[in-house]
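Asker: Before anything else, here's the structure in question.
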Amino acid sequence: MPVIDKIIANEVLPAHADVVVIGAGIIGICTALELAERGLSVVVLEKGEVAGEQSSRNWGWCRQMGRDPREIPLILESLELWRGMNERLGAETGFRQCGIVYLSDTEEHFASKQKWHHENAVPYGLETKLIGRAEIERLAPGSQSKWAGAMYTAGDGQAEPFIAVPAMARHLQKLSGQIFTNCAARGLETTAGAVSAVVTERGVVKCARVVLAGGYWSRRFLYNMGISFPQLGVINSVMRTTPIDAGFGTTISGTKFAARKRLDGGYSVSHNHFSVADIVPDSFRLLREFLPIFKLDWRGLRLRLGKRFIDEASLARRWALDVVSPFEQVRILDPAPLPWILDEALDSLKKTFPVFQPAQAIERWAGVIDATPDAVPVISALAQKPGLFLASGFSGHGFGLGPGAGKLMAQLVMAESPCVDPIPFRFERLHDGSRPRPTTGL
């Protein structure tokens with residue numbers, strides 16, 4: 001697993017809080033930060049470590065380009081927040097507005113980007129441009145490929161996952177927010193059907209509002225309460241390389257690679273095409289809901305049956321709140337990276353850009369992406385349980401969307417006017433018969 005910048009957690013669990021946030025990934029911390037800035041007493045409960053799972057394991061991209069149109073207003077809000085994040089925190093998050101280039105090696109690939117540009121970039125007034133070989137060479141010189149074209153957004157950026165969320169968490173603590181690590185939330189207590197407390201492995205915190213930002217674990221937490229949340233996991237592998245001067249700082253995405261410059265001088269590299277979906281018991285339970293997304297990305301999604309099926313099956317789906325929960329049994333989900341995927345990605349990067357030939361992989365890791373059937377997150381109150389809010393299912397987009405999602409979630413909790421239309425992110429869309437589908441094909 002990647003080395004995360006650790007925080008000093010709080011020690012004495014309070015008896016009361018205005019809001020309890022379950023999960024100390026980027027979504028939970030950004031939500032808590034927004035609430036604390038409004039003067040509320042906020043407690044964050046984390047079963048493992050701050051950013052211990054996908055929030056420290058992602059690519060670090062903060063992009064508007066190539067998104068589902070439902071997410072575009074939210075990423076625009078997020079990027080505005082990312083640009084001021086270092087100043088807001090008084091700390092380094094690694095955010096840089098470096099620009100991102102999506103390279104197309106065939107006319108067919110370029111046509112899909114032209115379609116996205118026409119249907120999304122133009123209506124939303126994005127600065128995204130379609131560019132040719134001369135502009136590609138200026139932005140990412142030295143390529144050995146004869147590109148058909150590319151899509152480029154100068155305002156897109158990147159941040160460092162392993163330091164960004166801890167920096168946000170420390171600032172939250174300065175605002176009197178409290179963060180408890182290795183402190184799993186087992187479930188909720190209710191009064192007259194509404195949330196009245198969170199039961200943890202260390203004791204009970206009384207509260208009337210709870211935000212569940214549990215990433216991949218949100219489905220299991222809700223199922224124990226009788227709420228069905230269709231969500232599955234996808235494993236994505238990432239590596240970091242030795243420092244290298246490639247002669248450009250633009251983040252690039254090609255047919256088999258995606259690469260961005262890191263603050264330490266190396267590159268974070270991943271495969272732009274392949275991910276792995278472990279077959280688990282929920283894969284069968286949710287097959288009907290997820291079949292459309294499998295069809296959309298079947299060429300890039302590798303199904304695998306192995307040990308994780310047994311691991312998942314052995315974890316309780318229902319438990320009493322006075323016994324050890326699954327979240328205490330698995331503090332940090334730490335899947336092994338897929339060597340062949342990363343080897344192919346780095347090899348492709350080196351062949352395409354020979355300047356990367358000296359680069360060596362010095363660390364590899366993987367994370368579990370929490371995905372919904374339409375690859376769009378839920379940011380919503382849950383009508384089944386008054387006082388409970390859900391922010392989960394970010395489908396690999398959570399890091400870039402994090403600041404805006406946290407702001408929107410805080411506004412919903414506080415019944416404020418939302419910064420963007422929350423309707424596309426409502427929980428009910430997954431159960432009202434509308435059967436939403438993924439709409440990006442890049």
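Asker: Answer yes or no: is there a residue in segment 343-352 that is in the same structural domain as Gly28 (by TED's automatic domain parsing), among the β-branched types (Val, Ile, Thr) and within 19 Å of the chain's Cα centre (by Cα).
Answerer: Looking for residues that are in the same structural domain as Gly28 (by TED's automatic domain parsing), among the β-branched types (Val, Ile, Thr) and within 19 Å of the chain's Cα centre (by Cα), one finds none in segment 343-352, hence no.
Asker: I want to confirm something. Restricting to segment 33-62 and keeping residues that are within 21 Å of Leu13 (Cβ to Cβ) and of a type in the set (Asp, Glu), which single residue is surrounded by the most Cβ atoms within 10 Å (Cβ to Cβ)?
Answerer: Glu46
Yes/no per residue for (1) farther than 21 Å from Arg57 by Cα; (2) of a type in the set (A, V, I, L, M); (3) modelled with pLDDT under 95:
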position: Gly155; (1), (2), (3): yes, no, no
position: Ala164; (1), (2), (3): no, yes, no
position: Arg170; (1), (2), (3): no, no, no
position: Gly203; (1), (2), (3): yes, no, no
position: Ala208; (1), (2), (3): yes, yes, no
position: Arg219; (1), (2), (3): no, no, no
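Asker: Can Ser270 be described as among the small types (Gly, Ala, Ser), touching a Leu at 6+ places or on another chain (Cβ under 8 Å) and under 30 Å from Phe389 (Cα atoms)?
Answerer: Against the criterion (among the small types (Gly, Ala, Ser), touching a Leu at 6+ places or on another chain (Cβ under 8 Å) and under 30 Å from Phe389 (Cα atoms)), Ser270 does not qualify.
Asker: Sticking with this one: Glu428 passes all but one of (1) touching a Ser or Thr at 6+ places or on another chain (Cβ under 8 Å); (2) farther than 19 Å from Leu33 by Cβ; (3) surrounded by 17 or more Cβ atoms within 10 Å (Cβ to Cβ); which number fails?
Answerer: (3)
Asker: Also, I was wondering about something else. Taking segment 202-248 on its own, how many of its residues are under 19 Å from Trp319 (Cβ atoms), within 14 Å of the chain's Cα centre (by Cα) and surrounded by fewer than 24 Cβ atoms within 10 Å (Cβ to Cβ)?
Answerer: Selection size over segment 202-248: 2.
Asker: Within segment 16-57, track down each residue that is farther than 27 Å from Ile369 by Cβ and touching a Lys or Arg at 6+ places or on another chain (Cβ under 6 Å).
Answerer: Across segment 16-57, the qualifying residue is only His16.
The values are calculated or read from the model by the stated rules, or taken from the named source; none is laboratory data. Model, not experiment: these values are computed from the prediction. FYI the Cβ positions are ideal-geometry reconstructions off the backbone, even for glycines, and counts take in every protein chain you see.
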